[in-house]
Amino acid sequence: MSDPIRLPPFPVPLRWEIPPVAWGLEGEELRASAGPRTDLFVSPQGDPPVLNAPRLLGPVAGDFQLSARVTVAFAGTFDAGALLLWRDERTWAKLCFEYSPQRRPMVVSVVTRGLSDDANGVTVGGDAVWLRVSRMGGALAFHASADGRWWDLIRHFALDAGPSPLVGFVAQAPVGEGCAVRFADIRFAAERLRELRSGE
């Protein structure tokens, strides 16, 4: 685990639990590059788990909203940048901006409770999208946005009972040779999401 990192919008120090091949901070913007064949996925088909994607995480208590404009230099299938909720290797969830096998950028969510389930969301025109993760008591929500102001609900769910998960950022390149991701316009609010489906 790395030394603590201060990312100005984030309320607590973050640590690379698995470091990327390269990373940097430019003001309040985070850049990270995943190495080849890096992923977070526990296959429901019985394939060996892959949990080697670089992830920068920190502990956050209580209700919150974390969002960022995620830009990915897509090259290989399933290249992605993601926001992550992480408790342990079998209990976590990620909201990804990912390159589909059809070579389309998509918002994809994965929730892992023992095994991962994988759900495609909306297709995105371009190489950037806003992602948001929110906690409301024991409930969690994933949203995506084209402009960072009006949000579409991607998923409403809960993880198994237990300690609060760590929260942060992921880059991955499951089948490719690497992937560069930029997390910009990072916003953190220690407040409960008021409306799940209103678009706010």
- Note on the structure: Rounded to a whole %, the carbon-and-sulfur portion of the accessible area of region 25-142 at a 1.4 Å probe is 49
- Over region 1-117, what relative contact order in percent results from Cα pairs under 8 Å that are six or more residues apart? 18
- Which value does Rg/Rh take for the chain over its C-alpha atoms, Rh per Kirkwood? 0.92
- List the residues whose amide H sits under 5 Å from the amide H of Ser100, counting only those 5 or more places along or on another chain, with H placed 1.01 Å from N in the peptide plane. Phe78, Met106
- At most 14 other Cβ within 10 Å, DSSP loop - trypsin sites (Lys or Arg not before Pro), region 154-200: Arg192, Arg194, Arg197
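Where in region 46-105 are there trypsin sites (Lys or Arg not before Pro) that are in a DSSP coil and have at most 11 other Cβ atoms within 10 angstrom of their Cβ? Mind showing how you got there, number by number?
On the way: sites: Arg55, Arg69, Arg87, Arg90, Lys94, Arg103; in loops: Arg90, Arg103.
When the trypsin sites (Lys or Arg not before Pro) of region 46-105 are filtered for loop state and at most 11 Cβ neighbours within 10 Å, Arg103 remain.
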- Message: Please list, in order, the residues from region 1-37 whose amide nitrogen is less than 13 Å from a point placed 7 Å along the Cα→Cβ vector of Glu177.
- Response: 36-37
- Message: Pairs of alpha-carbon atoms within less than 8 angstrom and 6+ residues apart define the contacts here; what relative contact order does the chain have, in percent?
- Response: 30
- Message: Going by Cα centres, region 145-200 and region 31-67 are how many Å apart?
- Response: 12
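For the chain, give the magnitude of the charge dipole about the Cα centre (Cβ charges: +1 Lys/Arg, -1 Asp/Glu; no others), in debye to the nearest 20.
It works out to roughly 240 debye.
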- Item | Amide H partners (placed H, <5 Å) of Arg55, local residues excluded | Glu17, Ile18
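Taking only protein heavy atoms into account and a 1.4 Å probe, give the accessible area per residue of the chain in Å².
Numbers: 8830 Å² over 200 residues.
Spelled out: the 1.4 Å probe surface of the chain, per residue, equals 44 Å².
The values are calculated or read from the model by the stated rules, or taken from the named source; none is laboratory data. As the structure is a computational prediction, the values presented were derived from the model and not from experiment. No Cβ is skipped: glycine too gets one built from the backbone with ideal geometry, and neighbour counts run over all protein chains shown. We work out accessible area using only protein heavy atoms, side chains counted, and drop any ligands, DNA or RNA first. Shrake-Rupley method; radii C 1.70, N 1.55, O 1.52, S 1.80 Å.
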